[in-house]
Amino acid sequence: MPRAAVRRSSRRRSRRFSGLRLYRPPWSLQLSWRPPLLPLAGAACVVGAAALVNWVIAPLGVVTSVREAFVEALGVGVFLIIGLVLFLGLWIAAGARWRLGSLALRRLAAGLLLGLFAVGIAGLFRPHWDLGGVDLGRVTVGGELGDALTSPIGAFVMLGLATLASMLIAPRATIRFQFAVATLLAQMLRPPLRRLWRIIAERYRRATHRPAIAADTDQPTGSTSPASLTHKPAAADPPQAATDAAPASDEAEQQSTTEKRASARSGKRRRSADGWQLPSLDLLRPDAPARRNAQAGLQAQLIVDTLASFGVDARIADINEGPSVTRFGIEPGWEVRMRKVTLRDESGRPLMDGNGQPQTREEEVSRTRVRVSKITRLSNDLALALAAPSIRMEAPVPGKPVIGIEVPNRETRLVSLRGVLESPQYRKVAGSAAVAIALGRAVTGAPVVADLAQMPHLLIAGATGSGKSVGINTFIVSLLMHFSPEQLRLVLVDPKRVELTGYGDVPHLVFSRVITEPDELVGVLGVVVTEMERRYRRFESEQVRNITVYNEKDRPEGNLPYWVVVIDELADLMMTAPVEVEQQLVRLAQLARATGIFLVIATQRPSVDVVTGLIKANFPTRIAYATSSQTDSRVILDRAGAEKLLGRGDMLFLATDSLQPRRVQGCYVSDDEIRQVIDFWTQDRFTQIPRPTLDHQLEEAVRTAQSGAAHSDGSRRARDGDGAGRDALYDDAHTLALDHTRVSASLLQRRLRIGYPRAARLIDDLESAGVIGAAEGGQSRRVLAGVDEREPS
């Protein structure tokens, strides 16, 4: 004990016993007397309460008029006042022995409120009872106060009194009960309110719906022109020209069947930032009703039991149900080490039980968290217990202290593009982003939207049937649903000729068609590079840094549109001209972001000769659909995981601002939806608008690329051969063959210091000239020339 504390306790003890008398005679009398005021006051209150009871009940008494008014006002509630006076008297009388704490005060207040509630209930009855000379049939049992509480307004007052009394007595239970009642009412009222809202919305839509003829005359109201895309001034405003082309009365007769179908389904009108009318969301299929995973609870308990069987303590922190998988958040438990300690008595000897054995108890030695590796290495065992084809673990989940275990659902729910486009997340991103694209829905079911300008380029890979082509169509349709031809232009390259050729008539294309010939890719990339350089020269003259700042100013020729270059199959194009394609793609990836040109490249074979190191370094944003091997997953994502995807749009999205890929179920767009969107943009009113293209630049670039290839091939032939089909080292190879009885390609490589392809060509030339014989099962070739032609070796 500290010394200061010892000194303070000694002082208090000395003050306490300083005036103590060691001996007091028992016959000593206390001369001073004080009257007990508190007991007298309490007794007075008790007597007053008894007098009040007698005064109320007695038919005759003092101050009869006051008593009758008192009873008429409160009815049987007068006994509540009497009880309060009686309680006050008892409390004052016993105030020296007990105190009225906060809990007692709350209960007292709750009792008074319940008493008033009882007075209101008593106001519902009017029996012919007599109380203190007052007929309760004329007033109510609760008096005039109870009669007032039976009114509609009084009913709410009584409900408030009961609720407040319950809150004073048991606040937590009251809150839980109110929440349960509110939830039940919400569930009961939700269906009729939804039906009422649909009826109101349908009537409002019918009242404000315009005829299809008026919808057809609506055109963009902006002053810009598509002619600015070819860097020539527009002769007239295309929207106004389209509007004035035909009167409204004649337009209904000239409207095509496709336009009628699109106008009938247009529904609510949507417009772009520059005034163009955009396709209605009614052209797309809405989201299917969500189905809950009925086995989620059973699977969660199965995961916990399986981990416990392997000695791993864990619990389920949360469950997120997505369209294709359900993610269980696993919170690791504790590893507790115990030891047995022998119980001993005061002398230190062990305590014995009835069998003569020492008594022991368990004592905790240490407590540590379960390591993440102990859970992740049990993925195959969990998949076996859950009867799942494969599960994927995410350790840890970004932003949460849990380990995510993604289990495939029994039924996969399709994610519609319309549901993502109508979501608040898309509207938020589209309002601030330059080029917003809809990706799909995450494991939690939340929409996933990305800005192509922030990527700024996208690399996509996936095996056959994984949903790669459907994902590309989703990106293109989401762009067509949100941007006008003056805001965004598309360059589509489809070597397979079946995926993107349907977009050949939309007015957003830079060229008049979809590029399908692999030989034209070098020319297409050359045109894109030329456009990038032209924009940089314009930025230099205007003293701006990027396209966003450039488009903030109004110019007569209009703003610069964004360009999106979509290449469906990179592997076929890399086989045609790998060096030229790689150089141009890398240059665009490095420099094209500021000019508003973005690349979306997809490949079915993510091997190192297709997705080279330079391409991966300049395409930080990647999407991996289901791959056939872990090697392909490492090529595209630099990590494993894509080989465990389910296919059909299941993807891993690796963004530039994230260290871990995010699992997303991609949107699905059917062929019918794509056709309806294309029909909207290919209506007759859009065909009247000039569609400037860059086909002439493409033809010139293709001719330049072909002449350059021919020139390089001729230079190679002149460098490697004599122009007659033979290599320049043929004579040296012929002399070397005459010096030996057998010749091989490796011999020519070592002696002539050349590569294997050239040595193999020399072997073929020597065989065709009859100098050496044919191949003999992979052995060296036998020299067929005469002995007289050989020089002694």
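Solvent exposure of Asp739, expressed as accessible area, is near 50 Å², computed with a probe of 1.4 Å over the protein chains only. Subtracting the Cα-Cα distance of Glu422 and Thr612 from their residue separation scaled by 0.36 nm leaves 64.6 nm. Accessible surface calculations at 1.4 Å, restricted to protein heavy atoms, place the stretch 515-574 at 43 Å² per residue. For the residues Val312, Val157, a 1.4 Å probe over the protein chains yields an accessible-area ranking, largest first, of Val157, Val312. Across the stretch 466-513, how large is the tail of the calculated P(r) beyond 15 Å, expressed as a percent of all Cα pairs? That tail contains 44 percent of the Cα-Cα pairs.
Counting only Cα atoms, the stretch 323-432 measures 81, 36, 22 Å along its principal axes, largest extent leading. Once C-alpha pairs closer than 8 Å and six or more residues apart are averaged by separation and normalised to the residue number of the stretch 521-619, the relative contact order reads 35 percent. Nonpolar atom fraction for the stretch 323-420, defined as the carbon and sulfur part of the 1.4 Å probe accessible area, stands at 47 percent.
State the percentage of accessible surface on the stretch 146-208 attributable to carbon and sulfur atoms; use a 1.4 Å probe and exclude ligands, DNA and RNA. Carbon plus sulfur share of accessible area: 71 percent. Taking each of Lys468/Lys616; Lys553/Lys616; Lys400/Lys616; Lys374/Lys616; Lys428/Lys496 in turn, the alpha-carbon distance tops 26 angstrom for Lys553/Lys616; Lys400/Lys616; Lys374/Lys616; Lys428/Lys496. Using θ = phi - 60° in the Karplus curve 6.51 cos²θ - 1.76 cosθ + 1.60, the 3J(HN,Hα) couplings for the stretch 163-173 round to 5, 5, 5, 5, 5, 6, 7, 9, x, 5, 4 Hz; x is entered for Gly and Pro.
The accessible area of Thr163, taken with all protein chains in place and a 1.4 Å probe, comes to roughly 50 Å². Rolling a 1.4 Å probe over the heavy atoms of the protein chains gives the stretch 601-656 an accessible area of 37 Å² per residue. Stokes-Einstein diffusion for the stretch 521-635 at 25 °C, viscosity 0.890 mPa s, with a Kirkwood radius from C-alpha pairs, works out to 157 µm²/s. Of the residues Met188, Met532, the one with the largest accessible area comes first in the ranking Met188, Met532, computed with a 1.4 Å probe on protein heavy atoms.
Taking amide H positions as modeled 1.01 Å from N, with prolines and chain starts lacking one, no residue 5 or more places away or on another chain lies under 5 Å from Glu486.
If you plug the beta carbon distance of Trp129 and Ala109 into 1/(1 + (r/R0)^6) with R0 = 35 Å, you get a FRET efficiency near 0.75. Rolling a 1.4 Å probe over the protein heavy atoms leaves His740 with an accessible area of roughly 50 Å².
Projecting the Cα atoms of Ile405, Leu378, Ala463 onto the charge dipole of the stretch 370-492, computed from C-beta unit charges around the Cα centre, puts Leu378 farthest toward the positive end.
Over the stretch 444-485, the Kirkwood radius and the radius of gyration, each from Cα atoms, give a ratio Rg/Rh of 1.00. If I take all pairs of Cα atoms in the stretch 427-496, what percentage of them are more than 19 Å from each other? When every Cα pair of the stretch 427-496 is considered, 38 percent fall beyond 19 Å.
For Asp318, the residues 5 or more places off, or on other chains, whose built amide H falls under 5 Å of its own are Gly329.
With 0.36 nm allotted per residue and the present C-alpha distance subtracted, the Ser373-Arg634 stretch has 91.9 nm of extension available.
Multiply the residue separation of Arg292 and Val498 by 0.36 nm, subtract the distance between their alpha-carbon atoms, and state the gained length in nm to one decimal.
70.5 nm
Within the stretch 439-566, the percentage of alpha carbon pairs spaced more than 26 angstrom apart rounds to 30%. Per-residue Karplus couplings for the stretch 323-340, computed as 6.51 cos²θ - 1.76 cosθ + 1.60 with θ equal to phi - 60°, are listed in order as x, 10, 9, 10, 9, 9, x, 9, 9, x, x, 10, 9, 9, 9, 10, 9, 8 Hz, Gly and Pro entered as x. The amide H of Thr360, built 1.01 Å from its N in the peptide plane, has Leu343 as neighbours under 5 Å, considering only residues 5 or more places off or on other chains. Between Glu557 and Ala273, the C-beta separation translates, for a Förster distance of 22 Å, into a calculated FRET efficiency of about 0.80. Grouping the Cα pair distances of the stretch 596-647 into 10 Å bins from zero gives a pair-distance distribution of 25, 57, 16, 2 percent in increasing distance order. Where the accessible area of the stretch 471-564 is counted over protein heavy atoms with a 1.4 Å probe, how much of it, in %, is carbon and sulfur? Its accessible area is 45 percent carbon and sulfur atoms. Using the 1.4 Å probe convention, the accessible area of the stretch 284-364 works out to 66 Å² per residue with neighbouring protein chains retained.
The values are calculated or read from the model by the stated rules, or taken from the named source; none is laboratory data. Since we're looking at a predicted model, the values are computed, not measured. Every residue, glycine as well, gets a Cβ built from its backbone with ideal geometry; the counts of neighbours run over all protein chains shown. Surface accessibility is based on the protein's heavy atoms, side chains included, excluding ligands, DNA and RNA. Shrake-Rupley method; radii C 1.70, N 1.55, O 1.52, S 1.80 Å.
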